[in-house]
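Peer 1: Below is a structure I'd like to ask you about.
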Amino acid sequence: MSDCIPNEVVIEILSRLPVKSLIRFKCVSRTWRSLISSPHFIAAHLHFALSNTQHPPYLLFRHYDGQHKKDCFPLPSSGENGVFFAYPSDFIELRYPHKSINQSFTIVGSSNGLLCLNILYNDGYVFWNPSIRKATSLPDPSIRFSSHGPFLHSLGFGYDPTTDDYKLVRVVYLEPEGTSGVSFDAVPPLVEIYTLRTSAWRFVTAPGPPYVVDEWPLSVFVNGAVHWLAHTPWNKGAFRNVIVSFDMGDEAFHEMALPESLRGSEHLNVTVAVLDGLLALAPCNGWWGEEPYSVWVMKEYGVVESWTKQFDVDVREGLGRVVAFRRKGGVPVNKAGELVSHEPSRQRILDLPIYGLTESFYLSTYVESLVLLNIADGVLER
């Protein structure tokens, strides 16, 4: 074929094909195998997938069904008449990257078809691309219980376009001497980062944030940075909530003020989220305090005055957290282990036949990609 068609045309044709076909075509010849596995082609294929308006991204939805002792990774379509989760046939179940992982993990985040998993039973981490059924275990980070004693940590995952690199950042709060597990709010914390290009961990030289990001909070990646909800240390005077961000490019921390009505609440039932590509605040952990549970959106990134309250989520009993937002207005909400759809415009709640552990619910857009194809297979047995 290379004698008849220029190589540039071959690349243009192949970059438009689905991942499943390209994996098969690696067996055509050594030339095609080398081409399809090259960083240049992987980037070209991803660029076309992200810009292809005729085939929008899938939805990746994960939940652990404790009743049937299984974990589902369906890719649901919109269903008939745009009804979310309309039929079981809309689901495509994805397999685990490895049997040793089992269900004991959380999804830190996803980007360009690559998922970052936190393995709970040994505090390990895995990068996984379900499209090509490939995963790689990360080496152990520097800060571990065996070397530093008890600690709390928060995680963030994202993509740095300036270096075409995927990064995992850990914000670690050590136990101060003499506290014996009473407090982990000594600031600034230690910060270390793993980059896929170097396949190694290193400490971040920029100072950590002077705030406390509680353990296991949700983080979101938007505008090139990871965001967490944080607060001032409990023993440092006036209490204040803020958003802490970590820029994946310059690897520096920044802070952002919340809406004025939320800044001083000591039991703030919200977490960071993304709505239509904008930074948002969504209800989370409704077992505490203030009503109503509201969704806020920052209309202009970094401009505090642009915070706007969009609507209230009227789920009064057993609210876990808002899982996602639908373009047609529905809001999937975890309520006492069940996924329900809150529809603010109609002021009603629809029960969805989906059950799972609260911390296992994860929903995000997903695009098939070849990311990790040129990375050596990782050993997942730990």
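Peer 1: Any idea how many residues of region 312-324 are open to solvent by less than 50 Å² (accessible area, probe 1.4 Å), out of contact with any helix residue (DSSP H, G or I) (no Cβ under 8 Å at 6 or more places or on another chain) and either on the phi < 0 side of the Ramachandran plot or modelled with pLDDT of 70 or more (or both)?
Peer 2: 6
Peer 1: Identify all residues within region 263-283 that are among the hydrophobic types (A, V, I, L, M, F, W, C) and either part of a strand (DSSP E or B) or modelled with pLDDT of 85 or more (or both); write none if there are none.
Peer 2: Answer for region 263-283, where residues must be among the hydrophobic types (A, V, I, L, M, F, W, C) and either part of a strand (DSSP E or B) or modelled with pLDDT of 85 or more (or both): Val270, Val272, Ala273, Val274, Leu275, Leu278, Leu279, Ala280, Leu281, Ala282.
Peer 1: Let me ask something else about it. Filter region 206-229 for residues that are over 16 Å from Trp296 (Cβ atoms) and without any contact (Cβ under 8 Å) to a residue 60 or more places away in the chain; which is most open to solvent (accessible area, probe 1.4 Å)?
Peer 2: That would be Pro207.
Peer 1: Another question, then. For region 239-271, give me each residue that is within 23 Å of Tyr194 (Cβ to Cβ) and of a type in the set (Gly, Ala, Ser).
Peer 2: Within region 239-271, Ser245, Gly249, Ala252 qualify.
Peer 1: So in region 233-255, with the set limited to residues that are in contact with a Pro (Cβ under 8 Å, 6 or more places away or on another chain) and surrounded by 18 or more Cβ atoms within 10 Å (Cβ to Cβ), which one is nearest to Val303 (Cα to Cα)?
Peer 2: Val244
Peer 1: Another one. For region 335-377, list the strands (runs of 3 or more DSSP E) that sit wholly inside it and hold at least 2 residues that are at pLDDT 75 or above; which are they?
Peer 2: 362-366
Peer 1: Mind telling me which of the residues Ala44, Ala49 ends up being small (Gly, Ala, Ser), modelled with pLDDT of 80 or more and under 21 Å from the mean Cα position of the chain (by Cα)?
Peer 2: Ala49
Peer 1: Looking at this structure, is Leu258 closer than 26 Å to Tyr362 by Cβ and open to solvent by 20 Å² or more (accessible area, probe 1.4 Å)?
Peer 2: Values: closer than 26 Å to Tyr362 by Cβ: yes; open to solvent by 20 Å² or more (accessible area, probe 1.4 Å): no.
It is false that Leu258 is closer than 26 Å to Tyr362 by Cβ and open to solvent by 20 Å² or more (accessible area, probe 1.4 Å).
Peer 1: Would you tally the residues in region 194-233 being closer than 20 Å to Asp160 by Cβ and among the hydrophobic types (A, V, I, L, M, F, W, C)?
Peer 2: Matching residues across region 194-233 total 12.
The values are calculated or read from the model by the stated rules, or taken from the named source; none is laboratory data. Everything numeric in this text was worked out from a predicted model, so none of it was measured. Quick reminder, even Gly has a Cβ in these numbers, built from the backbone with ideal geometry, and neighbours come from all protein chains shown. Side chains included, ligands, DNA and RNA excluded: accessible areas come from the protein's heavy atoms. Shrake-Rupley method; radii C 1.70, N 1.55, O 1.52, S 1.80 Å.
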